[in-house]
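Right, one structure below, let's go through it.
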Amino acid sequence: MDLALTSTFQPFSRPEYSHFRRNIPQPFFLRRQPTLPRQRVIIMAQKKAKIEGVSDELNSIASQNLDHASARRRVRSAFANVQQQLDHILFKMAPAGIRTDEWYEINSNGQEIFCKRWLPKPGVRIKGALCFCHGYGDTCTFFFEGIAKHIAASGYGVYAIDHPGFGLSEGLHGYIPSFDAVVDNVIEQYAIMKGRPEIRGLPRFIFGQSMGGAIALKALLKKPSEWDGIVLVAPMCKIAEEMTPPAPLQKVLIFLSKLMPQAKLVPQKDLADLAFRELNKKQMAPYNVISYSDQTRLKTAVELLNATKYIESEVDKVTSPMLILHGAADKVTDPRVSQFLYDNASSKDKTLKLYDGGFHCILEGEPDERILDVLNDIISWLDSRTSL
């Protein structure tokens, strides 16, 4: 689960932005800081709230600085069993017998990239491959574990990576110096995975959620022949006009991102109330202990804004079979944006499904019946486009 781009930019289109500027000393906007290297100029990280229901020792582990992958890996290891025991349908009803593997690949930039796969239990024939792109701040080792197991149980090899700077992959936490580099890493890693013997020659689909939808779309636009279709859940592919920062502010963001790209300066509200419809499921979100929840880094914000502008201008070039799923009451990524994508894509085979009353996290934060409906809609769509 991620809070996507609208949470990053929403405050700038509202009056509270003026309050935000008044609380920053003027010299911070007007000149470089003379005593610190440019890349070290940051806003203090938010203090993490205590996670209810776990020991003080685990809370101490979770509260450490997660800028580097080594720390995130230690925290994930400490919480792995706790996460799997949560009272959530994705974990409680996870199918048995699913084969899983985890490993690291060194990408072309020399970074260790966390990779994982889920395969059906032995004896179940694999119909195709589904390759996942997670959203902003997220990882493929929390809620997606349950999602992947459900899809794998229906006869699919499910593959996932953590993007550089997120989850268990190397890189400064929450930092996207280049959106294209994230997309190129997806293309590179999944090219390797698609060569694995268990799925070689089978239909292959790319699956993106929220910001991961923008990554998947751009990967598809760069290499359309590499995929047999795309699945998008609450995709971030266009910012609604009322959420777009005014042009002068965009120039300020771009200017500051060049001076201090890693700075945690862009305010971000806690939109968990808007992302999870069910309270008990929202209360499980803090257990995603290696997610990035601090203020958005300046360069990251600019890269995400530019990515959506590019995708908005290129959606008519999308020709692959496409399934778009979105909560109709989503206030994090606008369902009208999914309608825009559906209306403007050139795909002959395209499906848009809006879930009445659904919030942003339709695979994680909805009533159990809705979560199962969304999973079944994905599996049914895949089944109708694969043949044994």
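Observations, loosely collected:
- Pairs meeting the criteria (first residue in segment 326-346 and farther than 20 Å from Leu375 by Cα, second residue hydroxyl-bearing (Ser, Thr, Tyr) and surrounded by 22 or more Cβ atoms within 10 Å (Cβ to Cβ), beta carbons under 8 Å, at least 6 apart or on different chains) are Lys331/Thr6; Val332/Thr6; Val332/Ser7; Val332/Ser210; Asp334/Thr6.
- Taken over segment 312-338, the criterion of being within 24 Å of Glu364 (Cβ to Cβ) and out of contact with any strand residue (DSSP E or B) (no Cβ under 7 Å at 6 or more places or on another chain) is satisfied by Ala329, Asp330, Lys331, Val332, Thr333, Asp334, Arg336, Val337.
- Residue count for segment 324-373, restricted to those that are among the hydrophobic types (A, V, I, L, M, F, W, C), closer than 18 Å to His88 by Cβ and surrounded by fewer than 21 Cβ atoms within 10 Å (Cβ to Cβ): 1
- Of the strands (runs of 3 or more DSSP E) that lie entirely inside segment 105-175, those containing 3 or more residues that are touching a strand residue (DSSP E or B) at 6+ places or on another chain (Cβ under 8 Å) and surrounded by fewer than 24 Cβ atoms within 10 Å (Cβ to Cβ) span 112-119.
- Filtering Ala307, Ala272, Ala285, Ala263 for residues that are small (Gly, Ala, Ser), more than 26 Å from Lys92 (Cβ to Cβ) and under 19 Å from the mean Cα position of the chain (by Cα) leaves a single hit, Ala307.
- Across segment 65-98, the qualifying residues are those that are surrounded by fewer than 16 Cβ atoms within 10 Å (Cβ to Cβ), of a type in the set (S, T, N, Q) and modelled with pLDDT under 95, and the one among them that is farthest from Tyr175 (Cα to Cα) is Gln85.
- Residue ID - farthest from Pro164 (Cα to Cα), chosen from residues in segment 209-258 that are among the basic types (Lys, Arg) and assigned to a helix (DSSP H, G or I): Lys251
The values are calculated or read from the model by the stated rules, or taken from the named source; none is laboratory data. As the structure is a computational prediction, the values presented were derived from the model and not from experiment. When we count neighbours, we look across all protein chains shown, and the Cβ atoms used for this are built from the backbone with ideal geometry, even at glycine.
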